[in-house]
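So the structure is just underneath, and the comments pick up after that.
The values are calculated or read from the model by the stated rules, or taken from the named source; none is laboratory data. Please read all numbers here as calculations on a predicted model, not as lab measurements. FYI the Cβ positions are ideal-geometry reconstructions off the backbone, even for glycines, and counts take in every protein chain you see. Note: areas computed on protein heavy atoms with side chains; ligands, DNA, RNA excluded. Shrake-Rupley method; radii C 1.70, N 1.55, O 1.52, S 1.80 Å.
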Amino acid sequence: MTKKLLLLVFLILAAVQPSGAQEYPKAILPGDYPDPSIMRDGKDYYMTHSPFYYAPGFLIWHSQDLMNWEPVCRVMPEYKGSAMAPDLLKYKGRYYIYYPADGTNWVVWADDIRGPWSKPIDLKVSGIDPGHIADEAGNRYLHLSGGEVIRLAEDGLSTVGEKQLVYEGWQYPKGWETECMCLESPKLTYHNGYYYLTTAEGGTAGPATSHMVVSARSKSPTGPWENSPYNPIVHTYSAKDHWWSKGHGTLIDDVNGQWWIVYHAYAKGYHTLGRSTLIEPIEWTADGWYRTKETATPPTPTKEIMHGMTLSDDFNGPELGLQWTFWKEYAPKTLRIDEQALQMRAKGKTPADARLLLTTATDKNYETQVEITVGSGNTAGLILYYNEKAYAGLTSDGRKFTVYRDGNTSVQQPNTLGKSFIARIQNQGNTVRISVSKDGQEWTTMAEDIDVSELHHNNYKGFYALRIGLLSAGKGSATFKQFRYRNAIPQEEDMSAYLMVFHQDETHSLHMAISHDGYSFTALNDGRPVIAGDTIAEQKGIRDPHIFRGPDGAFYLSMTDLHIFAQRKGYRNTEWERDGAQYGWGNNRGLVLMKSWDLLHWKRANIRFDQLSAGLSEIGCAWAPELAYDDRTDRLMLYYTMRFKNEPNKLYYVYVNEDFDTIESLPQILFEYPNEKASAIDGDITKIGDRYHLFYVAHDGQPGIKQAVSDRINGDYVYDPRWYDTEPKACEAPNVWKRIGEDRWVLMYDIYSIQPHNFGFVETSDFVTFKDLGRFNEGVMKTTNFASPKHGAVIRLTGEEAKRLEEYWEKNKR
């Protein structure tokens, strides 16, 4: 294949890659809110979900715009078995919830959505996932899993006759990877003369592509049913999707006549959080079917609703907050709330049989803590709990701490803090750190790097989530105060230090330096590499490191896989990986991508662009990668320098997954220099307000720094001829970072044309006027124990992050 044909193939493939905003699906209730059932009552919307063994069950949510939801009440204090997959509705002025549990189906009712609700009434009919519908004559029916239906009595509180099979589902393609056929979740809607049956197939867990929503219609609520030509209405087609196992949908119309579908899904890679509630707009087609559409305007509420539920609790009483549930019991008499303290009587001996109060985590990166006082003969703790076999956390009897890494592994350590202490759990992307403190200021780490990613349904069944739990076991009571939960992604006010990453030509490895004032930087590990390039790169060396804190709070490190002195070092027999005459100086084909939650433990992926597509087999380089978050598509965007063979360089971008180990799109041009014979390299993007500022290196005469601005992150950058560096010599590698607590940004760049190499700095508050700060150790910017840094990047750290990093490298110098 010729070079021109390869390039044509690449451009065609790149052109069909999706770009632009993806507003929906939108998570309206993140965390463990599965099997959503939604109804409209005038201008008000109500929704509930599966409670399983969490009691009291069926938490009712209220909204006026479908986007912002507030908790109202919990319906059922006590019930048999694991209650799931409800159908919430209002019929002739009365509210009903139909649900399956304990091998049968039940109904509860109320004249006010806020209660009181009736006790459960056994309908004495098998099947799961009931769906209610009434025809125009007032006949009531209950659809069930497996395509069955049964008549209901006029009051809806008993059944009439026997079940009938009326629907066999939609046959999805045989090659699809699912869990099972599992025809379930029938929800019915009457619209324009048709009854629409919305069901789920494929299984609600298992592989990422399992679940789906399908639709059929009929002139009668009992069929015959005609399957929609638009099936599946909702489906996860690929494990690359942000949401896995999308399914179990219900239609809802709003006050403006717009229609929506509400369903559940797992956040990609986070089965531990349970299934979140998502929403998408739908449209009705000319031939009388419905399908999802890209965007819509939600209704305007008549009153402001504070979205979500506050999990933190000062136990002001007198009743337990709606955020709390028991596990496989309802035992309010075992609790006492008084003087901003919760006392909980003990049960059992271990987390497997102890008394638990549980609440639902909603974030991928969170921190929770509580003050605990252990009573006489009592064992108390703070844990993450899935079920009796799957949990992690800490307990104490006042004399020793027991740390559980899972249901089978525990270690004990002396308790030097006594019967009163604060326990803290930090869960960063399913990696857990457990700490204790006497005063909340000085913390002792009891365990870290606990992997809880496998504590979910696919391994332990049940359809639950890994919930935060307060535990009381043994005898007597435990006392809990000041329970706290927060999203642990640091904000501006949390920052107090700076981290610089860079490489050196002498080592072709990763170096790090810390600053506590943004002016003076001290290298970790006494200036030696913190990660050796020959241990992570195919060419046995890295260059151009860039570090980015992602929207999940994790650290993303991207580097060029290139050793420019590999022949001298004995790593290869030629100067370059391929012929320099054909592929140019410093030719390479790959990048090194790494992700960490603590800057110490890293997961790595080696990416080869020539292996993504035949159209990329002739690239000359892939240099200077950087990462940014595209908030319009809710995706991570990796942008970098690339050329084909020995042509001028341009800036390209691709999308990558959250695990940072897979490229999810083909490269597209981010920016190319207006003079097609000149190269543009080393892009660096900073978002200020609604504008994106791209600093890059222009090889148009003496190389230096230029800026281009756009209102979208992935293109349309407007060329600006001005040079923004102040150097008389050639420079590259621009990087912009913000000073903590100030509206000032530093533009740092690598003055590679001088010996020894050095960084230069300018500062701005408006990205128009720049103040020269000089070079390292020639002005206000200083280094204390290193020289000749190359191609650096800076991010902000919290004090705790910086302290942990400094203490680790002081202890582990090498």
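Numbers for the structure displayed
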item	result
Table column - 3J(HN,Hα) (Hz), segment 708-719, Karplus curve with 6.51, -1.76, 1.60, x for Gly and Pro	9, 10, 8, 9, 9, 6, 10, x, 6, 6, 8, 5
Rg/Rh (Cα only; Kirkwood hydrodynamic radius) as it applies to segment 133-180	1.17
Filtered trypsin sites (Lys or Arg not before Pro), segment 128-194: DSSP coil and at most 15 other beta carbons within 10 Å	Lys174
Cut-off 16 Å (backbone N to label point 7 Å along Cα→Cβ of Ala787), residues of segment 508-529	523, 527-528
Estimated Rh, segment 528-596: Kirkwood, alpha-carbon pairs, angstrom	13.1
Helix axis angle, 799-811 relative to the chain longest principal axis, alpha carbon, degrees	60
Residue-averaged 222 nm ellipticity for the chain, from DSSP H runs of 4+ at -39500 (n - 2.57), nearest 500	-1000 deg cm²/dmol
Fraction of accessible area attributable to carbon and sulfur, segment 301-458 (%, probe 1.4 Å)	43
Accessible surface, per residue, of segment 704-766 when the full set of protein chains is kept, probe 1.4 Å, Å²	36
Qualifying GluC sites (Glu not before Pro) in segment 629-736, DSSP loop, other Cβ atoms within 10 Å at most 11	Glu676
Heavy-atom surface of segment 375-534, accessible at 1.4 Å and reported per residue (Å²)	37
Qualifying trypsin sites (Lys or Arg not before Pro) for segment 656-694 [loop in DSSP, other Cβ within 10 Å: at most 13]	Lys677
Segment 143-293 - percent of accessible surface contributed by carbon and sulfur, probe 1.4 Å	48
Two-site label geometry, Asn192 and Glu154: point separation in nm, points 7 Å out along Cα→Cβ	3.5
Segment 307-462: proportion of alpha-carbon pairs further apart than 27 angstrom, %	20
Cβ charges +1 (Lys, Arg) and -1 (Asp, Glu), total dipole of segment 51-109, debye	220
With Cα atoms, 0 to 90° folded angle of helix 3-15 axis to the chain main axis	40
Scattering profile of segment 675-814 at q = 0.14, 0.15 Å⁻¹ [log10 I(q)/I(0), Debye over alpha-carbon scatterers]	-0.72, -0.81
Answer label, with volume of the Cα convex hull per residue in Å³ calculated from the coordinates and candidates [x] 144; [y] 333; [z] 182	[z]
Largest-first ordering by accessible area, 1.4 Å probe, given options Ile754, Ile468	Ile754, Ile468
Most to least accessible of Leu197, Leu666 (protein chains only, probe 1.4 Å)	Leu666, Leu197
Carbon plus sulfur fraction of accessible area for segment 659-753, probe 1.4 Å, in percent	45
